[in-house]
Structure formats: C-alpha cells, structure tokens
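Peer 1: Below is a structure I'd like to ask you about.
The values are calculated or read from the model by the stated rules, or taken from the named source; none is laboratory data. Since the model is a prediction, treat every value here as computed from it, not as a measurement. Every residue, glycine among them, receives a Cβ derived from its backbone with ideal geometry; neighbour counts consider all protein chains shown. Areas reflect the complete protein model, heavy atoms only, side chains present, ligands, DNA and RNA absent. Shrake-Rupley method; radii C 1.70, N 1.55, O 1.52, S 1.80 Å.
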Amino acid sequence: MTNQTDTRDRILEVARDMFTRLGFYSVSIRDIVAAASVNLGAVTYHFGSKEALYHAAIESMATPFADRIGELAASPGTPLQRIEMIVRGALEHLLGNPGPPIVLLRELTSDRPLPPPVAALMRRNMGVVSAVIAEGQQDGSIRPGDPKLLAVTVMSQPFFVRAARRVMTVALGVDPDAREQQARIADHVVESVRRSIATNPQVSS
C-alpha cells in the first residue's frame, strides 16, 4: 500500500469507530485527525468533507453486510430455505459487527434525511430479499402479501435482536456473545420468521 492509501484507511478506520460510538454531530474533524495522527488537511484531501467521510464510513461498514445478503440470496435451495439462510447470516453478521446496526438505528430515529449510502444499501437489501420472497410466493411456499412488506418482516427480526442485546443480557440473563446462545437465538429468530411468512409453517424447509 502507498502512504496515501495507508492514511486514507487509517482515517476511515478511526472515523468508523468514532461515528459509531458517538454519532455524527458529536465528532469533529479535529477529533478524527487527532485520533488518526494525521494532519487536518488529510480529511479534505481524501474525502472532501466531514459528511463525505461519514458517508464513506457507513458504506465501508454496510457494504459487507449487503454483499453477504446477496450471496445467501443466490445460494442453492428453495426460496424459504434461502430466506432462512439470509436470516441466520444477517444475525451472525450483526452480532459480530455492531457498527452497522448502531449507526442505522441512530439514523432511523433522527430527524435528518437518511444518508445516501444508508438509503441505497437498504434498498439493495430489501430488493434482494423481496425478490426471494416473490419466488416463494410463486412456488406456494411463502404466503401471499406484498413482498416488500414481507421483506421488512424478515429483515427487522435480526436487527431487533441486535438492538435488544442489552435487554437479553440484563433482563433475561442471555449472553448473545456466547456461541451456544447465538445458535439458540438464531433458531428462535428463524422459527419466528418462518411462522410469519411461510404458507405452512409446520412443514420443515
């Protein structure tokens, strides 16, 4: 890697961490360059502005998640099997990578317009999932309904579990970081999704 690439990557890594922990408005460019040990002009040179850096940080966090959803959607199997693989893969990714759900939930509860990378990746994910649901409706395994709204049902489950991490730990005594608990949680979420969208939830996919 060149020195310029190293500098850009270092800024992006620090920005991801600080924006995730503190939010867009609580972080200044000076905070980022100090933590990254670069000069003030490096952000402008590599990204143009604080907002552009924020967008780049979001995109770098969310793109691997969207890529994973796309890979699972294109996997062999029936539509319902692929939906279940998507749910498991999404949950595994979100539990292992806290940044994307934290940023997304913060943005969804804010009054400001969604950052373009968030909107674009949400459309991408929902489009992929709704297409698989539409396939399942054609073969009769997934119940009738608007595929886009059913996609919201599917994708909201992993995000809700990630958002409820503290509830599970403090109120329920469930440690979502423990591998055996993650398997139990994933089985529960998959079952809930199946019962929500399958034509016959009693039939194993």
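Peer 1: Within 10 Å, Cβ to Cβ, of residue 24, how many net charges do the neighbouring residues add up to if Lys/Arg are +1 and Asp/Glu are -1? Walk me through the numbers on the way to the answer.
Peer 2: Details: positive: 50, 106, 112; negative: 51, 107.
Summing Lys/Arg as +1 and Asp/Glu as -1 gives +1.
Peer 1: Among 114, 96, 125, whose Cα lies farthest out toward the positive end of the dipole of segment 79-136, if unit charges sit on the beta carbon of Lys, Arg (+1) and Asp, Glu (-1)?
Peer 2: Checked the options; the winner is 114.
Peer 1: A further question follows. Can you give the alpha-carbon Rg of the chain over 2.2 N^0.38 Å, where N counts its residues?
Peer 2: Working: Rg = 19.2 Å, N = 205, 2.2 N^0.38 = 16.6 Å.
This ratio for the chain stands at 1.16.
Peer 1: Can you give the accessible area per residue of segment 1-49, in Å², using a 1.4 Å probe?
Peer 2: Values: 2930 Å² over 49 residues.
Averaged over the residues of segment 1-49, the accessible area is 60 Å².
Peer 1: Also, quick follow-up: Only Cα pairs within less than 10 Å get springs; with that Gaussian network setup on the chain, which residue of 103, 170, 152 has the largest fluctuation?
Peer 2: Largest GNM mean-square fluctuation: 170.
Peer 1: By how many nm would the segment from residue 149 to residue 17 grow when fully extended, if each residue of separation counts as 0.36 nm and the alpha-carbon distance is taken off? It would help to have the intermediate numbers written out before the result.
Peer 2: Numbers: separation 132, 0.36 × 132 = 47.52 nm, distance 3.23 nm.
My answer for the length gained is 44.3 nm.
Peer 1: Only Cα pairs under 8 Å and at least 6 apart count here; give the relative contact order of the chain as a rounded whole percent.
Peer 2: Normalised by residue count, the contact order of the chain is 21 percent.
Peer 1: So what's the back-of-envelope 222 nm ellipticity for the chain, counting only DSSP H runs of four-plus at -39500 (n - 2.57) apiece and dividing by all residues, rounded to 500?
Peer 2: On the way: 9 runs with 146 residues, N = 205.
Computed mean residue ellipticity for the chain: -23500 deg cm²/dmol.
Peer 1: Hey, in the GNM for the chain with a 10 angstrom Cα cutoff, which one of 153, 109, 44 fluctuates hardest?
Peer 2: Most flexible of the set in this elastic network: 109.
Peer 1: Also, quick follow-up: With N residues in segment 41-129, what two-decimal value do you get for its Cα radius of gyration over 2.2 N^0.38 Å?
Peer 2: Working: Rg = 15.0 Å, N = 89, 2.2 N^0.38 = 12.1 Å.
Normalised Cα radius of gyration, segment 41-129: 1.24.
Peer 1: Which value in nm describes the separation of the simple spin-label points at residue 179 and residue 30, placed 7 Å from the Cα toward the beta carbon?
Peer 2: Label-label distance for residue 179 and residue 30, simple model: 4.7 nm.
Peer 1: Also, I was wondering about something else. Any idea what the alpha-carbon Rg over 2.2 N^0.38 Å comes to for segment 12-67?
Peer 2: So segment 12-67 has a normalised radius of gyration of 1.07.
Peer 1: Between 130, 28, 60, where does the largest GNM mean-square fluctuation fall for the chain, given springs only between Cα atoms within less than 10 Å?
Peer 2: Answer for the Gaussian network model of the chain: 28.
Peer 1: A follow-up question, please. Where the only charges are on Cβ atoms (+1 Lys, Arg; -1 Asp, Glu), what is the dipole of the chain about its Cα centre, to the nearest 20 debye? All intermediate terms of the calculation are to be shown ahead of the outcome.
Peer 2: Numbers: 22 positive and 21 negative charges, 65 e Å.
That gives a dipole near 320 debye.
Peer 1: In the chain, with Lys and Arg counted as +1 and Asp and Glu as -1 at Cβ, which of these residues, 186, 174, 14, has the Cα nearest the positive end of the dipole, that is, farthest along it?
Peer 2: Checking the options against the dipole of the chain, the answer is 174.
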